[in-house]
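Structure, as structure tokens:
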Amino acid sequence: MRAMTASNLRSAHGGESMAHMRYKVWADKAEKDGFPNVARLFRAVSHAEHVHSWNHFSRLRVEPGDHTVIAGAGFGLASTSENLAGACGGEEFEVTEMYPAYIAIAEAQGEAGAAQSMKFAFEAEKVHLEMYCKAKESVDAGQDPAIGVIQVCDMCGHTLEGDAPDTCPVCGASRDKFIAF
């Protein structure tokens with residue numbers, strides 16, 4: 001794998017891994033703050049981030065060895081509203097800055113597998129951004145948002161509210177590959 005794509009994939013893996021754990025922590029906080037639907041949202045997206053991290057890591061299987069990884073991440077445990085603001089900011093960065101650049105580099109370097117893994121994450125992050133920002137509006141109004149069943153594709157991390165589709169619109173996985181939250 002070309003060095004720049006490998007570095008970007010390692011960075012994306014690091015960021016997704018940290019998001020996975022951060023969202024688990026923030027889910028517990030939302031639960032304690034009396035926002036069970038926000039907690040469920042954080043847990044669902046945490047799973048999607050785990051899928052992204054796994055996919056990126058799998059693409060790096062041909063790149064053994066120790067590497068220093070630079071990945072942006074939010075830290076801290078605050079109110080549920082502040083945690084949602086952090087989630088919105090992180091997802092927005094991935095959608096507007098990180099993944100578009102990483103995908104372009106992977107494609108320019110002919111790294112189709114890496115580009116695919118990053119495209120899967122990019123598509124999910126757009127949904128996460130929308131869901132988190134909508135949830136923040138409800139929390140800021142003092143309400144737990146009305147959120148239906150959240151489905152996460154266990155193959156690409158695609159996330160949606162409602163029934164699982166017959167096939168994932170992002171990766172084509174069958175309905176049985178979706179996990180309901």
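Each reported figure results from applying straightforward, stated rules to the coordinates on display, with no laboratory input. Treat the numbers as computed from the prediction; the structure is a model and nothing was measured. Neighbour counts are summed over all protein chains in view; Cβ atoms, including those assigned to glycine, are modelled from backbone coordinates with ideal geometry.
Structure data summary
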{"quantity": "Rounded to 10°, Cα long-axis angle of helix 99-108 versus longest principal axis of the chain", "calculated": "20 degrees"}
{"quantity": "Cut-off 14 Å between beta-carbons: net charge of the residues surrounding Pro165, Lys and Arg +1, Asp and Glu -1", "calculated": "-4"}
{"quantity": "Highest-first arrangement of 104-112, 74-82, 33-41, where packing means the average Cβ count within 10 Å", "calculated": "33-41, 104-112, 74-82"}
{"quantity": "Straight-distance crosslink candidates among lysines, where the alpha carbon sits under 25 Å from Lys29 and sequence neighbours closer than 8 are dropped", "calculated": "Lys126, Lys134, Lys136"}
{"quantity": "The chain: relative contact order in percent, alpha carbon pairs under 8 Å with at least 6 residues between", "calculated": "26 percent"}
{"quantity": "Sorted peptide list for 172-180, 8-16, 58-66, 117-125, criterion being average Cβ within 10 angstrom, highest first", "calculated": "117-125, 8-16, 172-180, 58-66"}
{"quantity": "Value at 222 nm in deg cm²/dmol, rounded to 500, when DSSP H runs of n ≥ 4 in the chain each add -39,500 (n - 2.57)", "calculated": "-20500 deg cm²/dmol"}
{"quantity": "Degrees between helix 112-140 axis and first principal axis of the chain (Cα, 0 to 90, nearest 10)", "calculated": "20 degrees"}
{"quantity": "Gyration tensor verdict on region 106-181 (Cα atoms; rounded if a/c is under 1.5, prolate if a/b is larger than b/c, oblate otherwise)", "calculated": "oblate"}
{"quantity": "For region 43-181, the fraction of alpha-carbon pairs in successive 5 Å shells from zero, as %", "calculated": "2, 10, 16, 21, 20, 15, 10, 5, 2, 0"}
